[in-house]
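Report on one structure; see the data block that follows.
Here, each number is a calculation from the coordinates, and none is a lab measurement. Being a predicted model, the structure only gives us computed values, none of them experimental. Reconstructed Cβ throughout: ideal geometry from the backbone, glycine too, with neighbour counts over all protein chains shown.
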Amino acid sequence: MNIKKLITFWLLMSLMVPLWADDPNIWPLVVANPMENITSGFGYREDGFGGHTGFHPAIDIAAPEGTLVVSTITGIVVDHFPPPDGYWEGHPVFGGCILIVGEDGWATFYGHLSRSYVHEGERITKGQMIGRVGATGMSTGNHLHYAIMIDPQTYLGREFDNIHERSATWKF
Ligand SMILES: [Zn+2]
């Protein structure tokens, strides 16, 4: 194998490996410079808007309406509020939103969606398209509210196998 082939192989592998890992190590949306478009970070904020005062346990990523949103973990759709479509209002704060729970204690949450391509109970693969960016719920502009949650037991050395059962009782 010559050096050029080796470098190509290494580049391909470095692109693929994040998709194989269990943790949510990929961006949840397809935009050119997501890092530069984080409009609200993780932590405390004083410029409260629409009940968002206080601790913000997520990041907000600004993106044009309709930008593709992908799941950052493989898991089950546990909570699903379809975006408003005339008869269903979505979540009062997060509008169209999706909660996906993985098999190893990870959960990820996607809010303010304009469209959804999933339903409750559906199994989602990491990197799979789940919806599109919007401004539904309490939002001043098009952005994705993205949160990662982790079961504390992951860090407490206890085994568990009923994550789906327990997470089904989580509410926002
Ligand atoms: Zn947010």
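Which of rounded, prolate or oblate describes the range 98-157 when judged by the alpha-carbon gyration tensor and an a/c cut-off of 1.5? It comes out oblate by the Cα gyration axes. Remark on Gly127: its backbone amide H falls under 5 Å from those of Ser71, Thr72, Ile73, a criterion applied only to residues 5 or more positions apart or on other chains, H modelled at 1.01 Å from N.
The charge dipole of the range 60-115, taken about its Cα centre with unit charges on the Cβ of Lys, Arg, Asp and Glu (plus for the first two, minus for the last two), comes to roughly 80 debye. Each of the peptides 91-102, 112-123, 33-44 was scored by the mean count of other Cβ atoms within 10 Å over its residues; in descending order, highest first, they stand as 91-102, 112-123, 33-44. The phi torsions of the range 58-68, fed into the Karplus equation with coefficients 6.51, -1.76 and 1.60 and a -60° offset, translate into couplings of 6, 10, 9, 10, 6, 7, x, 4, x, 4, 5 Hz, rounded to whole numbers, with Gly and Pro shown as x.
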